């Protein structure tokens, strides 16, 4: 009995020790969790934000248009009178040609043969007409001596005049045929460069079918269209900044000419800018971005566009004053690229929230970190 009592006491002691250890563990876990709990309300804690400094600046409204560079002169060279097979094409794109240089030839043997036939017929008829004219002169002499009738002389004279008219008709036909023969040799209409080649030897071409295109780009025209409301903006002599996208070149120019009326279908005004291109640095047919400044410069404060919420002509930004964010509603002066120009009532040097502003409210405490540009 004594042994059983001793064993029971040891069991009770073990249970008590285990319960004590469990209680200690629970209390430790509680204290650990309590130490990690933030007892300060989130609304009262400082919110991390990034800021940039506003800069004093000025803004001048601009108009931007998209134009195209065009050659000063451009000609699609091809036959105008004859239909024939192409014999040779002597140039390819990029070739530099002189005025009158042969670009291509056509197989015009039929036209050449027809021209020679008409020339032979005209020569034979001219000889007959000359003989008849001499016969009429002799008949006139005989008629004055009473050896020929006036009717016979009149008939000879009429036949001679008719044959002379027929000769003139054949000569006109020969000129027309000569034009066709000349049309079989295609020449450069001016000095320039070959831009396109449409036809290879062996192809059949008809009047109006281009074989090659020749361009002159010693001077380039930048052509563009503006809304009809900008008629006064694109007046001749207006300074323009030009950016050629193909080469990245940035040029300054002036509006050279402007159409006096708007296009009836698009309601736009056509205008052109002449650009010297003696070194052929600018290609034609490429895109050009045109910028024209309008109005006078206005004082403004420059802030990042991403730091503002814009509604109409008003912009909302958060300005850090000490450790507090203040909401400011400002008038919008203008916008350019990633920059917003606002009313200069916002002083230069003000810390503008650019990151973290979505969670801000007026009067929130912030922990600001200035972002370096």
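The values are calculated or read from the model by the stated rules, or taken from the named source; none is laboratory data. All values reported here derive from a predicted model rather than from experimental measurement. Please note: Cβ atoms are built from the backbone with ideal geometry, for glycine as well, and neighbour counts cover all protein chains shown.
Any chance the range 91-99 includes a residue that's in a strand (DSSP E or B) and either modelled with pLDDT under 85 or out of contact with any helix residue (DSSP H, G or I) (no Cβ under 9 Å at 6 or more places or on another chain) (or both)?
yes
Going through the range 274-289 one residue at a time, which ones are in a strand (DSSP E or B) and either more than 8 Å from the chain's Cα centre (by Cα) or free of Cβ contacts under 8 Å to residues at least 24 places away in the same chain (or both)?
Those that are in a strand (DSSP E or B) and either more than 8 Å from the chain's Cα centre (by Cα) or free of Cβ contacts under 8 Å to residues at least 24 places away in the same chain (or both): 274, 275, 276.
The rows are residues; the columns are (1) touching a residue at least 24 places away in the same chain (Cβ under 8 Å); (2) within 22 Å of residue 286 (Cβ to Cβ); (3) in a helix (DSSP H, G or I).
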| site | (1), (2), (3) |
| --- | --- |
| 229 | no, no, yes |
| 233 | yes, no, no |
| 237 | no, no, no |
| 242 | yes, yes, no |
| 247 | yes, yes, no |
| 252 | no, yes, no |
| 260 | no, no, no |
| 265 | no, no, no |
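Test residue 215 against the stated conditions and say whether it is in a strand (DSSP E or B), at pLDDT 95 or above, surrounded by 15 or more Cβ atoms within 10 Å (Cβ to Cβ) and over 17 Å from the mean Cα position of the chain (by Cα).
Answer is yes for this residue.
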